[in-house]
Amino acid sequence: MRAEIISCGTELLLGHITDTNATYLAQSLAALGIDLYFVSQVGDNQERIVETLRRAWDRSDVIIMTGGLGPTEDDLARESISALVGETMHVDPTLEAQLRAKFATVQAPMPERNLKQATLIPSAQSLPNPVGTAPGWWVEKDGHIIVTMPGVPREMQHMWEHEVTPRLAPHTGGMIFTRILRVSGLGESTVEERLGDLIHSINPTIATYAKSDAVDVRISAKAKTPDEAERLVAELEVSARQRLGGYVFGTDKDTLASVIGTLLQARHQTLSTMESMTGGLLASTITDFHTSSSHFIGGLVAYSIDLKAQLGVPREILDQYGAVSEQTARAMAHAVRERLGTDFGIGVTGVAGPDKQEDKPVGTMYIAIESPMGVVTTSGSAWYGSRSDNKRRAVLTALRLLLRLLEGSAKPEQQQAGPPATI
């Protein structure tokens, strides 16, 4: 089965947004065993959208569109598909009632122009969108499938996973099972190097993908039954885990924050943070885990030297070693742990950039974690990333160190050698 992706939106052609939807869909299609040969971007012009659709119709079995499902005049995905297949759009009473009910729920009147979001053509089925107002379409005609979904990434991903993927399964020639190993502390090229000859496996397949918080190792197998596909994946997963070792911190949708949170909650232990370099990003990342209130007591952002001292960092340490030092990170971890009464306290200080601080280069970081078992620390040297890159890198390094401490691989009271987390 041959697939083609069409991303609609003039904002894509102007470079105002990045087409992350196409990247997500390309990876998902590979996991389903569907060949992707073409990816196109087209602006909000019906003539050009229909032209792009017609070209895709001639060379592909499945056309997957994103964008153009909004209520405005330049949202033209439905009209373009209708023109391609020669069918007339009509308002579906059930969809209209559902749409008006959504607006009523938020006590807002529905603009009449939103009514186009309740339209269908005879060959289309509606794809529910519980996280937005625009339903998608699943169109089957003359041996072709056209799927159109919203351009908003979270709406598109929900619709793809819950509505489209199950409908595509009977067309893939087998059942697909996928397992994702999440890796932190190694770059993508190093991960691939460690996997070695496993990368050339045909069924299951294995591939690496760099994400903002980790490197994902996707293992996918196709078989006649789900159980057989899962068995094939499990066999290769064992080999992959042996080669990657403790750098694998989770699977599928796990994050460092969710894995750490689950461990802390199981042990009935608590966590607090004092941040300088990261400006609250560490606390924000920790609270991305939905039950974080059960283990995360709170965080302090102490950006200035004076505030660090007010919050419990001894002035003599700041005067002798400076704000960017291991000693200060240790003092920050101790101060926040003592002040908030938690089992674990994290202190983060460093130089986010773009300028040096205390004659230390951009990218320098010092992280300390104080716990009932003692203190562990790590540091990072110069790194030529942007300010936001350096902050994110420090957050991942801190979380990786905490996870190692919880798992027992980071030993308290000694400096932890080696580079910080990379992705």
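The values are calculated or read from the model by the stated rules, or taken from the named source; none is laboratory data. Here the structure is a predicted model, which is why all the values come from computation and not from measurement. All Cβ positions, glycine included, derive from the backbone under ideal geometry; neighbour counts span all protein chains shown. All accessible areas refer to the heavy atoms of the entire protein, side chains included, with ligands and DNA or RNA removed. Shrake-Rupley method; radii C 1.70, N 1.55, O 1.52, S 1.80 Å.
Annotation: of all residues in segment 160-212 being at pLDDT 90 or above, touching a strand residue (DSSP E or B) at 6+ places or on another chain (Cβ under 9 Å) and of a type in the set (Lys, Arg), the one that is farthest from Asn129 (Cα to Cα) is Arg182. Candidates Gly279, Gly299: the one that is at positive phi and either open to solvent by 10 Å² or more (accessible area, probe 1.4 Å) or part of a loop (DSSP other than H, G, I, E, B) (or both) is Gly279.
Within segment 1-22, the residues that satisfy the criterion of being part of a loop (DSSP other than H, G, I, E, B) and without any contact (Cβ under 8 Å) to a residue 12 or more places away in the chain are Leu14, Gly15, His16, Ile17, Thr18. Beta carbons closer than 7 Å, at least 6 apart along the sequence or on distinct chains, pair a first residue in segment 298-318 that is modelled with pLDDT of 95 or more with a second that is charged (D, E, K, R) and open to solvent by 70 Å² or more (accessible area, probe 1.4 Å) for Ala309/Arg315; Leu311/Arg339; Gly312/Glu338; Gly312/Arg339. Among the residues of segment 71-130, write down those that are assigned to a helix (DSSP H, G or I) and either at positive phi or of a type in the set (Lys, Arg) (or both). Residues satisfying the conditions are Arg78, Arg100, Lys102, Arg113, Lys116.
From the residues in segment 47-79 that are crowded, with 16+ Cβ neighbours inside 10 Å and either of a type in the set (S, T, N, Q) or without any contact (Cβ under 8 Å) to a residue 40 or more places away in the chain (or both), which one is farthest from Met1 (Cα to Cα)? It comes out as Glu79. Is it the case that segment 72-91 has a residue that's of a type in the set (Ser, Thr, Tyr) and within 25 Å of Phe177 (Cβ to Cβ)? The answer is no; no qualifying residue exists. Does segment 216-238 contain any residue that is open to solvent by 60 Å² or more (accessible area, probe 1.4 Å), closer than 30 Å to Thr285 by Cβ and touching a helix residue (DSSP H, G or I) at 6+ places or on another chain (Cβ under 7 Å)? No. For Leu25, the criteria (1) open to solvent by less than 10 Å² (accessible area, probe 1.4 Å); (2) over 29 Å from Arg179 (Cα atoms); (3) part of a helix (DSSP H, G or I) hold in every case but one, which is (2). Residues that are farther than 24 Å from Leu396 by Cβ, in contact with a Ser or Thr (Cβ under 8 Å, 6 or more places away or on another chain) and polar (S, T, N, Q) do occur in segment 184-206, at least one of them. Among the residues of segment 331-345, those that are within 13 Å of Ser276 (Cα to Cα) and touching a helix residue (DSSP H, G or I) at 6+ places or on another chain (Cβ under 9 Å) comprise Ala331, Met332. Quick check on segment 38-53. Is at least one of its residues more than 24 Å from Ser123 (Cβ to Cβ) and assigned to a strand (DSSP E or B)? Yes; the residues of segment 38-53 include at least one that is more than 24 Å from Ser123 (Cβ to Cβ) and assigned to a strand (DSSP E or B).
Conditions (1) under 25 Å from Arg167 (Cα atoms); (2) over 33 Å from the mean Cα position of the chain (by Cα), marked per residue:
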| position | (1), (2) |
| --- | --- |
| Gln46 | no, no |
| Val62 | yes, no |
| Met65 | yes, no |
| Gly68 | yes, no |
| Pro71 | no, no |
| Ala77 | yes, no |
| Ala83 | yes, yes |
| His90 | yes, yes |
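Evaluate the following for Tyr366: is it more than 15 Å from Met274 (Cβ to Cβ) and either touching a strand residue (DSSP E or B) at 6+ places or on another chain (Cβ under 7 Å) or open to solvent by 10 Å² or more (accessible area, probe 1.4 Å) (or both)? In short, no. The number of residues in segment 392-412 that are touching a helix residue (DSSP H, G or I) at 6+ places or on another chain (Cβ under 9 Å) and surrounded by 23 or more Cβ atoms within 10 Å (Cβ to Cβ) comes to 6.
Conditions tested, residue by residue: (1) hydrophobic (A, V, I, L, M, F, W, C); (2) surrounded by 12 or more Cβ atoms within 10 Å (Cβ to Cβ).
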{"residue": "Phe103", "(1), (2)": "yes, yes"}
{"residue": "Gln107", "(1), (2)": "no, no"}
{"residue": "Leu127", "(1), (2)": "yes, yes"}
{"residue": "Glu140", "(1), (2)": "no, yes"}
{"residue": "Val147", "(1), (2)": "yes, yes"}
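Counting just the residues of segment 282-296 that are farther than 16 Å from Leu396 by Cα and among the polar types (S, T, N, Q), which one comes out surrounded by the most Cβ atoms within 10 Å (Cβ to Cβ)?
Result: Ser292.
Is it true that Ser184 is in contact with a helix residue (DSSP H, G or I) (Cβ under 7 Å, 6 or more places away or on another chain) and more than 18 Å from Leu36 (Cα to Cα)? Considered against the rule, which asks whether it is in contact with a helix residue (DSSP H, G or I) (Cβ under 7 Å, 6 or more places away or on another chain) and more than 18 Å from Leu36 (Cα to Cα), Ser184 comes out as yes.
From the list His334, His268, the one residue that fits, being without any contact (Cβ under 8 Å) to a residue 60 or more places away in the chain and buried (at least 16 other Cβ atoms within 10 Å of the Cβ), is His334.
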